[in-house]
Amino acid sequence: MWIDTHCHLDAHEFGNESAAQAALAAGQGVGMIVIPAVETANFAIVAGLAASIGNGCYALGIHPIYVPNAQEDDLRVLRERVAAAMADARFVALGEIGLDFFIPMLTEPAMREKQIYFFREQLKIARDFGLPVLMHVRRSQDVVLKHVRQIAPAGGIAHAFNGSAQQAQAYIDLGFKLGFGGAMTFTRALQIRRLAAELPLESIVLETDAPDISPAWVHPGRNSPDQIPRIGAVLAELRGVTAQQVAAVTSGNARAVLPRMPGIAGVRQEND
Ligand SMILES: [Zn+2]
């Protein structure tokens, strides 16, 4: 049984196929798909999608790429929606939040400051509700770490991890898991593949980030959550273990870091 810890299943690239894609993934053994929100406008959509498929759960948050259009009032809306979602068994985290210092427009001083403000305010919401966070970290590893140390959420995932071994260790020490996906399937991705091979397996979760970050065999096509077992098989090969081991350990890691995640239908959970 596999878990896709980061999938934008509501993205327009999926058209009206979102539920079909979830079913296709379920058929490949993907028992749970975590669907992060990106802006207040898609909060109801990700919640509805997670409820409508058998293998979905969701997070609420404002993505750094959506910060330019976000307003102060969106933080009030987010806090309100999170408070209400605490009663929803499919609500698992704050996300997607973070800092993107790669896209030029987002690195201008005023926008950098606005990103940091929205990131910190959302970390406070996560902390106040005892929730983990799903984090987008692009060219911003050390700045993200600094703010997470100051306003500590209940752990979370550094999604599409692309930092150094030292930065990986800093996240692990703060109770985070590191998300690995399609990037690790490219033989030229030496650093990511080395970390995927050498970090403790207990610190790794799998993700597609679909429709983005397609694995090598799909690139440049649209990524989808049914790719998780094949991505997991690459991790198994890099580490010299079986795919079954990778599935069991990474799924356990996902459940440990996202403890609100609902049980998988037909699969007995340890604590049931
Ligand atoms: Zn994302």
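Quick look at the values:
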| quantity | calculated |
| --- | --- |
| Selection count, the range 11-43, where residues are open to solvent by 60 Å² or more (accessible area, probe 1.4 Å), in contact (Cβ under 8 Å) with a residue 12 or more places away in the chain, not acidic (Asp, Glu) and not in a helix (DSSP H, G or I) | 1 |
| Of the criteria (1) under 26 Å from residue 189 (Cα atoms); (2) open to solvent by less than 50 Å² (accessible area, probe 1.4 Å), which one residue 173 fails | (2) |
| Filter result (open to solvent by 30 Å² or more (accessible area, probe 1.4 Å) and in contact (Cβ under 8 Å) with a residue 12 or more places away in the chain) within the range 63-73 | 65, 66, 68, 69 |
| Residue in the range 149-167 that is nearest to residue 96 (Cα to Cα), counting only those that are among the small types (Gly, Ala, Ser), away from the ligand (no atom under 16 Å from the Cβ) and open to solvent by less than 50 Å² (accessible area, probe 1.4 Å) | 155 |
| Filter pass, residue 197 being more than 30 Å from residue 15 (Cα to Cα) and part of a helix (DSSP H, G or I) | yes |
| Residue count for the range 212-228, restricted to those that are in a loop (DSSP other than H, G, I, E, B), among the aliphatic types (A, V, I, L, M) and within 16 Å of the ligand (Cβ to nearest atom) | 1 |
| The range 80-103 - residue that is free of Cβ contacts under 8 Å to residues at least 12 places away in the same chain and small (Gly, Ala, Ser) and, of those, surrounded by the fewest Cβ atoms within 10 Å (Cβ to Cβ) | 87 |
| Options 77, 46; residue that is open to solvent by less than 10 Å² (accessible area, probe 1.4 Å) and either at pLDDT 95 or above or assigned to a loop (DSSP other than H, G, I, E, B) (or both) | 46 |
| Restricting the range 119-148 to residues that are open to solvent by 60 Å² or more (accessible area, probe 1.4 Å) and within 16 Å of the ligand (Cβ to nearest atom), the residue that is farthest from residue 86 (Cα to Cα) | 139 |
| Hits in the range 176-193 - residues which are small (Gly, Ala, Ser) and either buried (at least 19 other Cβ atoms within 10 Å of the Cβ) or in a strand (DSSP E or B) (or both) | 179, 181, 182, 183 |
| Given (1) open to solvent by less than 10 Å² (accessible area, probe 1.4 Å); (2) out of contact with any Phe, Trp or Tyr (no Cβ under 8 Å at 6 or more places or on another chain); (3) within 15 Å of residue 135 (Cα to Cα), index of the condition residue 60 fails | (2) |
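The values are calculated or read from the model by the stated rules, or taken from the named source; none is laboratory data. A quick note: this is a predicted structure, and the numbers were derived from the prediction, not measured. Neighbour counts run over all protein chains shown; Cβ positions are idealised from the backbone, glycine included. Surface accessibility is based on the protein's heavy atoms, side chains included, excluding ligands, DNA and RNA. Shrake-Rupley method; radii C 1.70, N 1.55, O 1.52, S 1.80 Å.
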